[in-house]
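Undergrad: Here it is: the structure, laid out below.
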Amino acid sequence: MKQYFLISCLSIILAGCVSKPPNVVKPPIRLPPPIVKVEPLLPVGWNQIDGWVLDRPTAAFKAFQKSCRVIGKRKQWQQVCSEAGALTPVDDLTTREYFERYFQPYQVRNEDGSSEGLITGYYGPELLGSRVQTNEYKYPLYSQPDNMLIIDLDDLYPELGKYRLRGRIIGNRVVPFYDRAEIDNGGNPLFGQELFWVKDPVDLFFLHIQGSGRIRLPDGERVMVNYANQNGHPYRSIGKLLLDRKAMTRDQMSMQNIRRWVKENPEAGQRLLAENPSYVFFRELSAEFTSPPGALGVPLTALRSLAVDPHTIPLGAPVFLSTTFPGSNDPLQQLMVAQDTGGAIKGQVRADFFWGMGNDAGKIAGRMKQDGRLWVLLPKDIQEEALQSRVEVFESENGEIN
């Protein structure tokens, strides 16, 4: 016991002889800045819209009347569409007064609160083609193949949304559907599914990218074709491939220069096209369509239809655009209508300007990569809580666009 007492005392004394470590001042913990949620739609006055009073909105009003064929059945749009149908006379003065009376403008903002974004252009190509194969017209434009399976995963995996698988059956197995190289390699796996035969394979490739266009037949008849489905393979940008391989600089990058490169390098060009495995199938439209139907299902209006991300901007809504003409600083400020979507049109301040049909429209569309701002016009009687859940309020049956 005595020995235990001595050992304990010695331990206490020795412990007292050990120098204490200096006080270490720890640096303050730096917390990340709080995430501030920015509402994408900010209500503004008409005088805050760049160029509102300078535009001639009659053409956009007529495009909006086409939207009303679809959205006019929905409660939020019934009154404004009814008033649009009864408006007379239809001129720039009355249409401007109509929008100012029945709509509230909202500036579209990005997640970081900025108001500028990318504005690109698209068009409807016109291809020379025939309903029968000839030596001149030998490249097929296919309808949706009968043997392509489309598997909806909504019921089994609702977290995947509207994701779909596409494939074909070999024995008792479902395998991926043919990719571009397999379809175009001469094996003719889609025999019997040809809609038309066209003259130029490069024009056909760009028709796949645009998703719709027009076929001009030998007798002069023009037939609209539109996206029907896709083979399920991911889209791979041949423009990015050319940039990665230093075959073209970013300043040179345009649809026209890509087309020129492929035609000037025929063998390498065909191999390049095959590196995009995605393949689009088409349907023939009735004679009433002289321009492509957008995702809303109504014919697009040249210079007044806009492709947007419908998670922010509801399809069918008027949208004021402030940007510049391709290759210049000249202002392009006018009222548009959101009537289309696109696989690359993602984000708040992001839009694709429809320039119209044919090669002239394509030359402008291919050069359009401008900064721009957007204001969406929504009916005044929409309640605030409805606006906050705008995705549900303005939900529509959208077709797939690639």
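Undergrad: Where a ≥ b ≥ c are the square roots of the eigenvalues of the C-alpha gyration tensor, would you call region 111-239 rounded, which needs a/c under 1.5, or, failing that, prolate if a/b is larger than b/c, or oblate?
TA: oblate
Undergrad: Which ³J(HN,Hα) values in Hz, rounded to whole numbers, follow from the phi angles of region 221-232 under the Karplus curve 6.51 cos²θ - 1.76 cosθ + 1.60, where θ = phi - 60° and Gly and Pro get x?
TA: Once rounded to whole Hz, the list reads 5, 10, 10, 7, 10, 9, 3, 10, 5, 9, 7, x.
Undergrad: May I ask you to compute the full-extension gain from Arg283 to Ile170, defined as 0.36 nm times their residue separation minus their alpha-carbon distance, rounded to one decimal in nm? Intermediate values should be presented prior to the final figure.
TA: On the way: separation 113, 0.36 × 113 = 40.68 nm, distance 2.63 nm.
That works out to 38.1 nm of additional length.
Undergrad: Taking the Cα centre of region 181-316 as origin, work out the dipole magnitude from +1 charges on Lys and Arg Cβ and -1 charges on Asp and Glu Cβ, in debye rounded to 20.
TA: Charge dipole of region 181-316: 440 debye, to the nearest 20.
Undergrad: Mind running the shape call on region 49-97? Use the C-alpha gyration tensor, a ≥ b ≥ c as the square roots of the eigenvalues: rounded below 1.5 for a/c, prolate if a/b tops b/c, oblate otherwise.
TA: In terms of gyration-tensor shape, prolate.
Undergrad: While we're looking at this one, here's another question. Efficiency by 1/(1 + (r/R0)^6): what FRET value for Thr94 and Tyr157, r their Cβ-Cβ distance, R0 = 51 Å, to the nearest 0.05?
TA: Once rounded, the FRET efficiency stands at 0.50.
Undergrad: Here is a follow-up. Give the peptides 239-252, 298-311, 39-52 in descending order of average Cβ contacts within 10 Å, highest first.
TA: Most protected by this proxy first, the peptides run 298-311, 39-52, 239-252.
Undergrad: Where in region 92-114 does the label zone of Lys62 land, with the point 7 angstrom along Cα→C-beta and an amide N cut-off under 17 Å?
TA: 92-96
Undergrad: With θ set to phi - 60°, apply the Karplus curve 6.51 cos²θ - 1.76 cosθ + 1.60 along region 332-346 and write out the HN-Hα couplings as whole Hz, x wherever there is a Gly or Pro.
TA: So the Karplus estimates, Gly and Pro as x, are 10, 10, 7, 7, 10, 9, 6, 10, 8, 10, x, x, 9, 9, 10 Hz.
Undergrad: How would region 284-390 be classified by its alpha-carbon gyration tensor: rounded, prolate or oblate, with rounded meaning a/c under 1.5 and the a/b versus b/c comparison settling the rest?
TA: Because a/c hits 1.5 or more and a/b fails to exceed b/c, region 284-390 counts as oblate.
Undergrad: Can you tell me which of 85-96, 324-335, 190-201 comes out highest on packing, and rank the rest after it, using the mean Cβ neighbours within 10 Å?
TA: Taking the mean over residues of other Cβ atoms within 10 Å, the ranking is 190-201, 324-335, 85-96.
Quick note: the coordinates plus some simple rules give every number you see, no bench work behind them. This one's a predicted model, so the numbers in the text were calculated from it and none came from an experiment. Cβ sites come from the backbone with ideal geometry, for glycine too, and all protein chains shown count toward neighbours.
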